[in-house]
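Novice: Please see the structure below; I have some questions.
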Amino acid sequence: MANIKSAKKRILVSRKKADRNKAIRSGVRTAIKKVYAAIDAKDKDAAASAVLAATSAIDKATSKGVYHKNYASRKISRLNLAYNKVFC
């Protein structure tokens, strides 16, 4: 454990940021799972809304610095590709 006051604060701040990032990542993973579940169920309306929601969640996470922009772009691209393979 740190003895210096600034080091103690850094530990607290980094823990808080890690918890926030973990919650955001978990939300994105859940949104992505919903997309693939809707695609597997062949439910076009649910899949379309799930892709939109997942894209939004990924973009928000990227703007907050949780994900790299290339990672986010790749995820969104793969979601749209999976949707278009089945419904277009």
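Novice: Would you mind stating whether ALA2 is modelled with pLDDT under 95, open to solvent by less than 100 Å² (accessible area, probe 1.4 Å) and of a type outside the set (Ser, Thr, Tyr)?
Specialist: In short, yes.
Novice: Could I ask something else about it? Starting from region 5-34, keep only residues that are more than 18 Å from VAL66 (Cα to Cα), then list their pairs with residues that are of a type in the set (A, V, I, L, M, F, W, C) and loosely packed, with under 12 Cβ neighbours inside 10 Å whose Cβ atoms are within a distance under 7 Å, requiring at least 6 positions of separation or different chains.
Specialist: What qualifies is LYS8/ALA2; ILE11/ALA2.
Novice: Ok, one more. Of everything in region 12-21 that's exposed (fewer than 12 other Cβ atoms within 10 Å of the Cβ) and not small (Gly, Ala, Ser), which residue is farthest from ALA54 (Cα to Cα)?
Specialist: LEU12
Novice: Right, next: Here is a check on your reading of the model: is ILE24 open to solvent by less than 50 Å² (accessible area, probe 1.4 Å) and of a type in the set (Val, Ile, Thr)?
Specialist: So ILE24 passes the test.
Novice: Out of curiosity, is LEU52 open to solvent by 80 Å² or more (accessible area, probe 1.4 Å), under 29 Å from PHE87 (Cα atoms), without any contact (Cβ under 8 Å) to a residue 12 or more places away in the chain and of a type in the set (A, V, I, L, M)?
Specialist: Against the criterion (open to solvent by 80 Å² or more (accessible area, probe 1.4 Å), under 29 Å from PHE87 (Cα atoms), without any contact (Cβ under 8 Å) to a residue 12 or more places away in the chain and of a type in the set (A, V, I, L, M)), LEU52 qualifies.
Novice: Another question about this same structure. Condition check: under 12 Å from the mean Cα position of the chain (by Cα), surrounded by 14 or more Cβ atoms within 10 Å (Cβ to Cβ), of a type in the set (Ser, Thr, Tyr) and part of a helix (DSSP H, G or I). Does THR62 satisfy that?
Specialist: yes
The values are calculated or read from the model by the stated rules, or taken from the named source; none is laboratory data. Every value quoted in this text rests on a predicted model; they were computed, and no experiment measured them. We place every Cβ from the backbone using ideal geometry, glycine too, and count neighbours over all the protein chains shown. To get the accessible areas, we keep the full protein, side chains included, count just its heavy atoms, and leave off ligands, DNA and RNA. Shrake-Rupley method; radii C 1.70, N 1.55, O 1.52, S 1.80 Å.
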